[in-house]
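The values are calculated or read from the model by the stated rules, or taken from the named source; none is laboratory data. Just so we're clear, the structure is a prediction, and the values are computed from it rather than from any experiment. Cβ placement follows ideal geometry from the backbone for every residue including glycine, while neighbour counts extend to all protein chains displayed.
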């Protein structure tokens with residue numbers, strides 16, 4: 001029986017980090033609404049995979065989408 005190498009999706013604490021999540025989990029992870037998640041999928045900002053009728057959101061894509069929306073509040077206004 002093969003075992004996973006430590007660097008293959010397993011953080012230092014030993015838990016397995018998902019590479020994809022379903023829509024309700026993406027909503028919980030980001031705080032974005034279900035409708036907004038679907039909008040971002042439709043415009044191509046969030047990558048998905050399909051398995052039969054299930055829509056799986058690629059976690060790295062989801063994180064990148066949120067990262068692009070980080071606002072630096074320390075910028076001078078003007």
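Things to note:
- Filter result (over 12 Å from residue 57 (Cα atoms), part of a loop (DSSP other than H, G, I, E, B) and modelled with pLDDT of 95 or more) within segment 10-41: 31, 32, 33
- Condition check for residue 65: within 13 Å of the chain's Cα centre (by Cα), free of Cβ contacts under 8 Å to residues at least 40 places away in the same chain and surrounded by 17 or more Cβ atoms within 10 Å (Cβ to Cβ): yes
- When each of 41, 37 is tested for being under 11 Å from the mean Cα position of the chain (by Cα) and at negative phi, the lone residue that passes is 37.
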